[in-house]
Amino acid sequence: MNDLTIYDRYAADWWSGRYRFLRTLQNLVPARFKYFDLVVDDWQSLSVLDLGCGGGYMAEALCERGAKVIGLDPAQSAIGVARARSAQMNMDIDYRVGIGESIPVESNTLDVVVCVDVLEHIPKWPEVLAEIHRVLKPGGVFLFDTINRSFFARFVAIVLGEYLLRILPVGTHDGKLFIKPKEIHKELSRLGFHVQPFKGLGPKGINRRFDITFGLLPFQSVMYIGAAKRSA
């Protein structure tokens with residue numbers, strides 16, 4: 001499957017800590033920034049799009065780093081929760097409803113686009129990469145992670161994650177939509193990005209709630225994280 005309705009169904013509990021799969025998404029944020037902060041060493045005042053922002057985990061972390069953040073997601077309920085949360089936390093984040101295939105942002109205007117937990121859900125992901133290229137300024141940076149289309153990744157993300165351990169709702173992923181690193185590298189290069197070496201991303205430990213914590217890994221057989229700079 002590829003059930004994107006979960007982001008609306010669970011939106012009200014995005015920040016409650018009630019559901020394990022949402023805590024898992026939140027636990028991924030520090031691991032992602034271990035890579036992203038190496039690529040962007042100063043976020044202050046950068047214009048950043050969090051593409052597929054959900055209820056705002058990454059958007060808030062970007063805002064805390066001083067970035068001027070736009071959060072975009074097709075899930076209206078999740079955007080509603082994100083807006084309410086940012087008002088409560090006194091964070092100036094511009095949340096919008098929209099899709100990656102048609103980003104409601106002017107061309108050549110963004111310093112950074114962050115896209116996590118997204119591309120593996122989109123059948124026409126090359127269209128999303130083309131839109132990201134369009135909205136980035138020359139020299140702008142694209143930061144992402146996604147899931148490898150491998151047997152091991154399907155076993156970990158779907159068999160273990162959804163059916164055996166029940167970390168994710170059943171039907172969250174469709175393994176056929178996972179993307180091999182060489183495929184995304186080729187498409188980014190074709191669009192005119194300078195692609196940096198990808199890193200592995202995955203489980204590193206367990207916290208006090210017995211939730212999985214994440215970090216960078218030496219292998220990319222399950223998840224991988226990367227960066228690419230738009231040519232000037």
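Read-outs: derived from the displayed coordinates by stated rules, not from any lab. None of the values given here were measured: they were computed from a predicted structure. A quick note on method: Cβ atoms are made from the backbone with ideal geometry, for glycine too, and the neighbour counts reach across all protein chains shown.
Brief remarks follow.
- Viscosity 1.567 mPa s, temperature 4 °C, Stokes-Einstein D of segment 22-118 from Kirkwood C-alpha radius, µm²/s: 97
- The alpha carbon centroids of segment 43-81 and segment 157-232 are separated by 20 Å.
- Residues whose placed amide H lies under 5 Å from that of residue 173, excluding near-sequence neighbours: 3
- Residues whose amide H lies under 5 Å from that of residue 146, counting only those 5 or more places away or on a different chain, are 224; hydrogens are built 1.01 Å from N in the peptide plane.
- Among 53, 63, the ranking by other beta carbons within 10 Å of each residue's beta carbon, starting with the fewest, stands as 63, 53.
- The ellipsoid that matches the Cα gyration tensor of segment 6-230 has semi-axes, each √(5λ) in whole angstrom, of 24, 22, 16, with the longest given first.
- Among the trypsin sites (Lys or Arg not before Pro) within segment 5-65, those in coil by DSSP and having at most 13 neighbouring Cβ atoms inside 10 Å are 18.
- The trypsin sites (Lys or Arg not before Pro) of segment 150-232 that DSSP puts in a loop, and whose beta carbon has at most 12 other beta carbons within 10 Å, are 166, 208, 209.
- Alpha-carbon Rg with Dmax, taken over segment 79-189, Å: 16.3, 45
- In terms of distances greater than 25 angstrom between alpha carbons, the cross-link table entries 199/229; 186/229; 68/176 yield 68/176.
- J(HN,Hα) series, segment 76-87, from Karplus relation 6.51 cos²θ - 1.76 cosθ + 1.60, nearest Hz, glycine and proline x: 4, 5, 5, 5, x, 5, 4, 5, 5, 5, 5, 5
- Alpha-carbon Rg/Rh ratio, for segment 147-201, with Rh computed the Kirkwood way: 1.10
- Note: relative contact order over the chain, using C-alpha pairs below 8 Å and six or more positions apart, is 22 percent.
- For segment 136-148, putting each phi into the Karplus relation 6.51 cos²θ - 1.76 cosθ + 1.60 with θ = phi - 60° gives couplings of 6, 5, x, x, x, 10, 9, 10, 7, 9, 7, 10, 6 Hz, in residue order, rounded to whole numbers and with x for Gly and Pro.
- Fewest neighbouring Cβ atoms within 10 Å first, the residues 121, 194, 185 line up as 194, 185, 121.
- Partner aspartates and glutamates for residue 180 [C-alpha distance under 14 Å; skip if fewer than 8 residues away on the same chain]: 120, 145
- In order along segment 187-194, the Karplus-derived 3J(HN,Hα) couplings, from 6.51 cos²θ - 1.76 cosθ + 1.60 at θ = phi - 60°, round to 5, 4, 5, 4, 6, x, 8, 8 Hz, and Gly and Pro are given as x.
- Amide H contacts under 5 Å for residue 71, placed H, 5+ residues apart: 50, 94, 95, 96
- Mean residue ellipticity (222 nm) of the chain, computed from DSSP H runs ≥ 4 via -39,500 (n - 2.57), nearest 500: -9000 deg cm²/dmol
- Ordering 73, 211 by the number of other Cβ atoms within 10 Å of each residue's own Cβ, fewest first, gives 211, 73.
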